[in-house]
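To start, the structure under review is shown below, and the notes come after it.
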Amino acid sequence: MLQLVSSGFVGMWLNAAGVSVPPAAPAQAVTWQGMSWLTPATPVEPTVETKIAQYLQTLKTQGLDPQQQAVWLRTDSNLLIDRNGTIPVSAASLTKTATSLAAITTWGLDKRFETIVSANGKIEGGTLTGDLIVRGGGDPLFVWEDAIALAQSLNKLGINHVSGNLIVVDKFHMNYKADPQKAGELLKQAFTGINLPPALLATELKDVNIVKLPTAPTDSKTTKLPQVKIAGKVIVSSEPPAVITPLIRHQSLPLVDIVRQMNIYSNNEIAQILADSVGGAEQVMKIVSTTANFPPAEIQLINGSGLGVQNRLSPRAVSQIFRTLHQTLQPLNLNLADIFPVAGAEYIGTLKDRNLPVGTTIKTGTLNEVSALAGVLPTRDRGLVWFVIVNKGTQIAKLRQQQDTLLQSLQTEWGRVTPTPLVVTKHDRAPAYFGDPDRNIAIAPTSR
C-alpha cells in the first residue's frame, strides 16, 4: 500500500521546489490499518480558524446551516481544519477523483483501449463484399474525429463501400454513447456523412483538445471528409462472425489523457464508462479505499460520475485520494496538474468563470443542492495545502464565488509561491489529439 511521505522528506522536497516550509509542530500519530494519520498536538492557527468561522457565518446569512457544510484543510504533516471531515457527504463530481484513482491503479497511465475493425468478405475495386465488423475494447473517448480518421484508414486499405452491414460487437462507445446500437449508428453516420458541417463537430464536442482533420478550402462552408458508404444496417451482435479478416487496430488516447479530459470537463459519460470497465461502483470503492488508505465507510458510491446525491465521500477520503494520486504520479514524472485543471494555466472546462488562486489544482462537483471543490493549494508558508470544501445549498454561483474567495484569503494568509512549484506544474508533453491517424494500425495488406 502507498504510505504517507514523512514530513521531513516533504519539507526538503518542497523547499527544493521553491516552497518554504516551517518546522513542523510535534504531532501525535494515529494509525488505521497501517496508515499514519498525523494530527497536530497544538490548536489550529487562530487566524485560519477565524477565516473558516467567517466563511461559515457568511453561509449562515444565506440561510444555509453551517452544520451541513464541510471543510477539510491539511498539509502533508498536519491537519489544519476539520469541519465534518470524516462524514460521507454528497460530493457530486468529486466522485471522479475516485474513478481516476481506480482506473490508474487498475491499468496504469499508458493504458490504451483497442477497437478492432475486421471484414468477412473480399475487397475488390473499392468495395468490401460482405460486412464490416467493429469490436470495441471499452474506449471511452472515441469521437467524431476518430471515426473520420478510421474511414480514412479504411480508404487506404481500398475500402470505399461496404455491401453488407456494420456489425458492432462488445464494448464499442462513440461520442460518449455507451449503447452499442447508438454508437454504431453514429459511426455509420461519420463514415457515410458527406460534407459533415464543422458546426456539427463544434456542437457535439464543444470544448475539446487539439483536433487534426483533413482541411478544406478556406472559402468552403464544409469540410470534405473521407467516406465509407455502408449499404446495410447497423447490427449489434454478442459475437463476431465465425470467419473474419482483421483490418485495423485503433488505439485510444493514453489513459492519462482520457482521465485529464474527463476531469477538465467533468464528463459524466467518460467517468461511468471507466468505472464500469474496472468492475462498477463496488469495485471502485474497494480499490480506492485500499489504495488511498482510508476507512471503507467513508466512500459510498452508486456510480463513477457523481450523478445522484447517493454518491457520498468524506472530505478526508477525497483529500487522501488527491494525495495518493500525487504520490502515484510523481515516480512517473507526472503530477496532479497533468490530470486535473490548474487555475491560471488554463481557462476551459470547469475553470470557466472561476477566480481561484493561480497554481491551484482542482476538481469541482455540482448537483442541484451541492457545490464542491477540492484539490491542492501551493503556499509559501505551509507548502502544499490539501483542501476539500463541500457546500449543501442551491445558490451554486454564489457558493462557487465564496469558495474562491476563501482560497484566495488562505493564500494571502500563507503567501503565494511564484512561480508555481514544479511539483504541481503541468509537464510539457506532446499534445494528444482526436483523429490522429497514427493511432490506426493496419493489420491487413492494402488492396492492389
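Within the stretch 112-148, the set of residues being more than 30 Å from Val278 (Cβ to Cβ) and acidic (Asp, Glu) comprises Glu124, Asp131.
What tally of residues in the stretch 387-406 results from selecting those that are buried (at least 23 other Cβ atoms within 10 Å of the Cβ), farther than 18 Å from Asp65 by Cβ and not β-branched (Val, Ile, Thr)? Selection size over the stretch 387-406: 1. On inspection, Leu334 does not qualify as under 16 Å from the mean Cα position of the chain (by Cα), surrounded by fewer than 17 Cβ atoms within 10 Å (Cβ to Cβ) and assigned to a loop (DSSP other than H, G, I, E, B).
Scanning the stretch 72-109 for residues that are polar (S, T, N, Q) and at pLDDT below 95, we see that the one that is nearest to Ser371 (Cα to Cα) is Thr75.
Restricting attention to the stretch 308-327, which residues are within 22 Å of Gly280 (Cβ to Cβ) and either free of Cβ contacts under 8 Å to residues at least 24 places away in the same chain or over 15 Å from the mean Cα position of the chain (by Cα) (or both)?
Gly308, Val309, Gln310, Asn311, Arg312, Leu313, Ser314, Ala317, Gln320, Thr324, listed by residue number.
Among the residues making up the stretch 155-173, those that are within 28 Å of Asn267 (Cβ to Cβ) and either among the charged types (D, E, K, R) or at pLDDT below 95 (or both) are Asp170, Lys171.
So if I check each of Gly280, Gly349, Gly304, Gly344, which one is at pLDDT 95 or above and on the phi > 0 side of the Ramachandran plot? Selected residue: Gly280, the only one of Gly280, Gly349, Gly304, Gly344 that is at pLDDT 95 or above and on the phi > 0 side of the Ramachandran plot.
Taking the numbered list (1) over 12 Å from Arg316 (Cβ atoms); (2) modelled with pLDDT of 95 or more in turn, Thr61 passes all entries but (2). So, of the residues in the stretch 357-386 that are of a type in the set (Lys, Arg) and buried (at least 23 other Cβ atoms within 10 Å of the Cβ), which turns out to be nearest to Thr425 (Cα to Cα)? By that ranking, first place goes to Lys363. Working only within the stretch 342-367, note down all residues that are closer than 17 Å to Leu384 by Cβ and in contact with a helix residue (DSSP H, G or I) (Cβ under 8 Å, 6 or more places away or on another chain). Selection gives Val342, Ala343, Ala345, Leu356, Pro357, Gly359, Thr360, Thr361, Ile362, Lys363.
Screening Ile441 with (1) at pLDDT 95 or above; (2) surrounded by 15 or more Cβ atoms within 10 Å (Cβ to Cβ); (3) over 19 Å from Thr75 (Cβ atoms) gives one miss only, at (2). The C-beta contact set for the stretch 144-172 (first residue within 14 Å of Ile235 (Cβ to Cβ) and in contact (Cβ under 8 Å) with a residue 12 or more places away in the chain, second residue aromatic (Phe, Trp, Tyr) and buried (at least 19 other Cβ atoms within 10 Å of the Cβ), distance under 9 angstrom, 6+ apart or interchain) comprises Val162/Phe191; Leu166/Phe191; Phe172/Phe142. Across the stretch 337-356, what is the total count of residues that are part of a loop (DSSP other than H, G, I, E, B) and surrounded by fewer than 20 Cβ atoms within 10 Å (Cβ to Cβ)? Here the count works out to 8.
Looking at this structure, is Thr324 at pLDDT 95 or above and either surrounded by fewer than 24 Cβ atoms within 10 Å (Cβ to Cβ) or not assigned by TED's automatic domain parsing to the domain that holds Thr86 (or both)? In short, yes.
The values are calculated or read from the model by the stated rules, or taken from the named source; none is laboratory data. What you see is a predicted model; the values in this text were computed from it and never measured. Note that we place each Cβ from the backbone using ideal geometry, even for glycine, and neighbour counts take in every protein chain shown.
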